[in-house]
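The block underneath contains the structure these notes are about, expressed in structure tokens.
The values are calculated or read from the model by the stated rules, or taken from the named source; none is laboratory data. Only a predicted model underlies this, so the values are computations on that prediction, with no experimental measurement involved. As a convention, Cβ positions derive from the backbone with ideal geometry for all residues, glycine included, and neighbour counts pool all protein chains shown.
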Amino acid sequence: MHRLGFAVRGRSDRAHLDRVHLERVRLERLHREWVQLDRLRQERVRLERLLAGHALGPGALLPPPAHLSLRDSRTLNLALAPPEPVGRAHLVLSRGRVRYELPLAVERPGGGRLFTVTATLRGPGAAAGAAGLRLADGVWRLTVVTTGPEGRVRHRGIAVDPDQPLPLTPTVRHAPDPDSGALIRVVRCPSGRAALQVTRAGPHAELVRFEPRGDGAAVHGRLVAAPLDGWRARAVRRRDGVAVPAQLSFRGAEFTLDLPFGSMTGAGPGQWVWDVRLSREPGRVRAARELFGDPGDRELTLGRRLTDVHDPAAAFPTPYRVFALPCGSLVRARAYVTTSGAFAVACLDLTEGS
């Protein structure tokens, strides 16, 4: 019986090791495929930039505009002064067979003449009912179509000044859409022509707010560009990767989790920093590459990344607080956002004898 039990345990251990090996092989294959897809996407974007920047002959580009910017990857602002008399003009955004035409309004600041336009853009992942021009992932050409007094129609691109100094502001130059996470920015093609580059958001968990209570704390967040089912949450200690589970509840893409202060401080003496991570539950991981551009089993670290500030740690300061847990322990904790945008928690058990 003893030998039989040993043999059964041996077969069970071998079966477990086989399953671990197969899972490791599967994850390595998915990672290789993901890297391959990312390289193909980079090459496609490079070729699209070359095509979008194509300009023929002298005069194919208008001089750099008085103003060209994108606010939060949603609001396009353009103001340009045509080098010759123009009766009317419009801006064309095009990629492949998709084409949008935006009429340019005439303004006369200080006796001059400017053609201006403001438009709302929406990148991949935007809500179905959101207003604005829908731009797919890729590079979009900007073309100004002008009609002269004699009826001559000209199609020209917009030049970008590569030596234009960047303004010193507390906000970043290119910020993602705070709703969809898509990034739309003005880029300079090899020919010097301006274009819009649209990049869909990768799967991540976005911090919405943090609610401290007397006996604990709740964290509110939402999933961006990720499947909505089969997630679990853990607090992971940075020092050594020790993890404790956290209670997680969902309402659509939005979720709420309670920070497990008791388990976090009970994992060892001293004050340590913890991250909050979301991962798919075993058996619920699905091949979501076609929908989300990701193997579907990536672990997501909670953070505030859909922001336009340079230094989230300085922009969102938080104090230390003392929490009286239901078990009777006193915990001093501080939840904060790091410079890189990650959400972190530092906690220490203040209970006597701990």
For this session: Look through 160, 186, 172 and report the one residue that is in contact with a His (Cβ under 7 Å, 6 or more places away or on another chain), at pLDDT below 95 and closer than 30 Å to residue 311 by Cβ.
Result: 172
Exercise. In this structure, is residue 239 assigned to a strand (DSSP E or B), touching a strand residue (DSSP E or B) at 6+ places or on another chain (Cβ under 9 Å) and not β-branched (Val, Ile, Thr)?
Worked result: no
For this session: Answer with yes or no whether residue 195 is under 23 Å from the mean Cα position of the chain (by Cα), more than 25 Å from residue 316 (Cα to Cα) and in a loop (DSSP other than H, G, I, E, B).
Result: no
For this session: With respect to residue 139, determine if the residue is at pLDDT below 90, among the β-branched types (Val, Ile, Thr) and in the same structural domain as residue 193 (by TED's automatic domain parsing).
Result: no
Exercise. Taking the range 305-354 as the search range and keeping residues that are among the β-branched types (Val, Ile, Thr) and not in a strand (DSSP E or B), which one is nearest to residue 218 (Cα to Cα)?
Worked result: 318
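Residue check: is residue 136 of a type outside the set (D, E, K, R) and either over 26 Å from residue 191 (Cβ atoms) or assigned to a strand (DSSP E or B) (or both)? Show your work before the answer.
Working: of a type outside the set (D, E, K, R): yes; either over 26 Å from residue 191 (Cβ atoms) or assigned to a strand (DSSP E or B) (or both): no.
Considered against the rule, which asks whether it is of a type outside the set (D, E, K, R) and either over 26 Å from residue 191 (Cβ atoms) or assigned to a strand (DSSP E or B) (or both), residue 136 comes out as no.
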Problem set entry | the range 102-119: number of residues that are exposed (fewer than 12 other Cβ atoms within 10 Å of the Cβ), touching a residue at least 24 places away in the same chain (Cβ under 8 Å) and either of a type in the set (A, V, I, L, M) or not in a loop (DSSP other than H, G, I, E, B) (or both) | 1
